[in-house]
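Below is one structure, written out as structure tokens; the observations come after it.
Quick note: the coordinates plus some simple rules give every number you see, no bench work behind them. All values reported here derive from a predicted model rather than from experimental measurement. Reconstructed Cβ throughout: ideal geometry from the backbone, glycine too, with neighbour counts over all protein chains shown.
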Amino acid sequence: MDTFSEVAANNLPASEFSSCDRAMMQRCIELARQALGKTAPNPLVGSVIVKDGEIVGEGFHPGAGQPHAEVFALRSAGEQARGATLYVNLEPCNHYGRTPPCSEAVVASGVARVVVGMVDPNPLVAGGGIAKLRQAGIEVVVGVEEEVCQRLNEGFVHRILYQRPFGILKYAMTLDGKIATFTGHSTWVTGVAARQEVHQLRVACDAVIVGGNTVRRDNPHLTSHHTTAHNPLRVVMTKTLDLPKTARLWDIQEAPTLVLTQTGANVPFQTWLRDRQVEVVELDNLTPAAAMTYLYDRGCLSVLWECGGTLSAQAIADGSVQKILAFIAPKIVGGIGSPSPVGDLGLAEMTQALTLERVSWRSIGEDCLIEGYLPLEKS
Ligand SMILES: [Zn+2]
């Protein structure tokens with residue numbers, strides 16, 4: 001039996017977790033989210049220490065190179081950690097990385113009980129931290145609010161399991177499936193609330209990708225529109241590098257911009273961009289998958305595709321999209337030539353349609369948001 005199944009075998013069914021344990025795990029998640037978009041390539045982790053029904057310590061992991069959440073929580077609890085319960089949304093680490101393993105710090109603190117949201121997604125180390133705690137005589141409970149914990153770190157989990165960032169395709173369309181009118185006019189398909197939701201989504205992502213067409217037609221900002229929040233790396237994928245000098249993305253005061261292009265494309269414009277501190281990287285074969293590999297190497301967890309139909313179809317086809325967020329406005333715009341969110345996928349029969357899994361929907365202002373996951377076969 002491997003370590004992972006040993007751990008799983010000791011899990012209690014979800015219904016047996018107390019409401020206090022679930023509430024404290026929710027608090028861990030709330031703390032973890034304070035570093036949303038800032039921890040790559042590390043996960044989002046929060047930790048709470050409870051003694052005699054009172055929270056005596058809290059912490060979260062602020063970003064790579066800094067201490068882990070458990071360390072901050074133990075520091076703030078001090079001597080009160082002895083005999084207490086420590087909550088953490090991800091299994092404490094058990095290896096020497098940039099910091100010593102948290103499992104050792106937890107054992108040394110004298111904590112009596114540890115409640116873990118989810119096991120480490122890396123199959124090579126999964127269960128190691130939990131086993132270490134149990135060996136030290138600490139009671140360990142695993143799987144409290146597990147689904148929420150998995151979702152919080154879905155980018156990190158995908159990165160570990162597939163050596164690729166987690167790709168999210170987001171688009172806004174009318175009820176008749178158009179992302180613009182027949183002239184290409186597209187501001188705005190959805191209302192203010194939906195657009196604010198997109199800004200929040202950008203805060204949570206490490207990079208946002210558009211194609212050259214989107215830059216030429218929409219001249220987007222692609223920022224989170226908050227002065228203090230995290231802005232993702234703005235990425236333009238363009239084979240020709242035939243782009244206007246007036247694009248807003250070349251102003252990097254608010255957020256950095258990276259242009260991914262084909263080797264040797266429009267060299268004078270490359271120089272012009274670099275003079276403005278816009279990063280330009282040439283790839284030999286510029287595809288969505290190649291862009292994702294490059295962004296993986298740069299440490300990205302989650303990448304948001306905000307491109308038009310041509311690029312989104314390519315990204316779906318080569319396995320660069322795992323999740324779809326479709327904002328749907330209750331509007332009809334018509335137009336036989338009006339663009340739709342996903343271009344040619346070469347699917348001739350309705351039976352070939354990509355069917356989303358774990359689908360949910362909610363209303364946002366006057367619009368509707370449908371979320372779901374593509375089947376994993378392409379990844
Ligand atoms: Zn750790």
- request: Determine the equivalent ellipsoid of region 308-379 by diagonalising the alpha-carbon gyration tensor, then write out the semi-axes as square roots of 5 times the eigenvalues, largest first, rounded to whole Å.
  value: 22, 18, 11
query: Can you tell which of Ala289, Ala315, Ala108 shows the greatest fluctuation in a Gaussian network model of the chain with Cα springs below 10 Å?
result: Ala108
- prompt: With a 10 Å Cβ neighbour count serving as the proxy for reagent exposure, in which order, fewest first, do Thr293, Thr223, Thr263 appear?
  reply: Thr263, Thr293, Thr223
Computed magnitude of the charge dipole of the chain (debye, nearest 20; Cβ of K, R +1, Cβ of D, E -1): 820 debye
message: Suppose we keep just the DSSP beta bridges with both residues in the chain; what percent of those would be antiparallel, to 5?
response: 35 percent
- request: For the chain, find the longest principal axis of its Cα atoms and tell me its angle to the long axis of helix 192-204, 0 to 90°, nearest 10.
  value: 60 degrees
field: Residue-wise HN-Hα coupling along region 162-172, computed from phi with Karplus coefficients 6.51, -1.76, 1.60 (Hz; x: Gly, Pro)
entry: 10, 6, 9, x, 7, x, 10, 9, 10, 8, 10
- line: Checking region 41-89 for GluC sites (Glu not before Pro) in a loop per DSSP with at most 15 other beta-carbon atoms within 10 Å yields none
- request: Starting from the amide H of Ser340, placed 1.01 Å from N in the peptide plane, find each other amide H under 5 Å away whose residue is 5 or more places distant or on another chain.
  value: Ile179
- prompt: Put +1 on the Cβ of every Lys and Arg and -1 on every Asp and Glu Cβ in the chain; which of His61, Val236, Gln352 then has its Cα farthest towards the positive end of the dipole?
  reply: Val236
query: If you stretched the chain out fully between Ala64 and Gln352, how much longer would it get, using 0.36 nm times the residue separation minus the C-alpha to C-alpha distance?
result: 99.5 nm
message: So, R0 is 56 Å and r is the distance between the beta-carbons of Glu79 and Leu161; what FRET efficiency does that work out to, to 0.05?
response: 0.90
- prompt: When the chain is treated as a GNM, springs tying every alpha-carbon pair under 10 Å, which of Trp361, Trp305, Trp250 comes out with the largest mean-square fluctuation?
  reply: Trp361
statement: Over 31 Å (Cα to Cα) among Lys178/Lys239; Lys38/Lys323; Lys38/Lys331 -> Lys38/Lys331
field: Sorted largest first, extent of region 164-373 alpha carbons per principal axis (Å)
entry: 44, 40, 35
message: If you fit an axis through the alpha-carbon atoms of helix 19-32 and take the longest principal axis of the Cα set of the chain, what angle between them do you get, 0 to 90°, nearest 10?
response: 50 degrees
Sorted by Cβ neighbour density within 10 Å, fewest at the top, the residues Leu175, Leu233: Leu175, Leu233
field: Contact order relative to length of the chain, as percent, for alpha carbon pairs under 8 angstrom and 6 or more apart
entry: 15 percent
Under the Debye formula (equal points on every Cα, no solvent term), log10 I(q)/I(0) of the chain at q = 0.11 Å⁻¹: -0.83
- request: Could you line up Ile55, Ile209 from fewest to most neighbouring Cβ atoms inside 10 Å?
  value: Ile55, Ile209
message: Quick check: Cα centre of region 264-305 to Cα centre of region 166-223, how many Å?
response: 20 Å
- prompt: Given Cα pairs under 8 Å that are at least 6 residues apart, what percent is the relative contact order of region 164-373?
  reply: 33 percent
Gaussian network model of the chain, springs between alpha carbon atoms under 10 Å - residue of Leu161, Leu243, Leu347 with greatest fluctuation: Leu347
- line: Helix-only [θ] at 222 nm, the chain, -39500 (n - 2.57) per DSSP H run of 4+, per residue, nearest 500, equals -8500 deg cm²/dmol
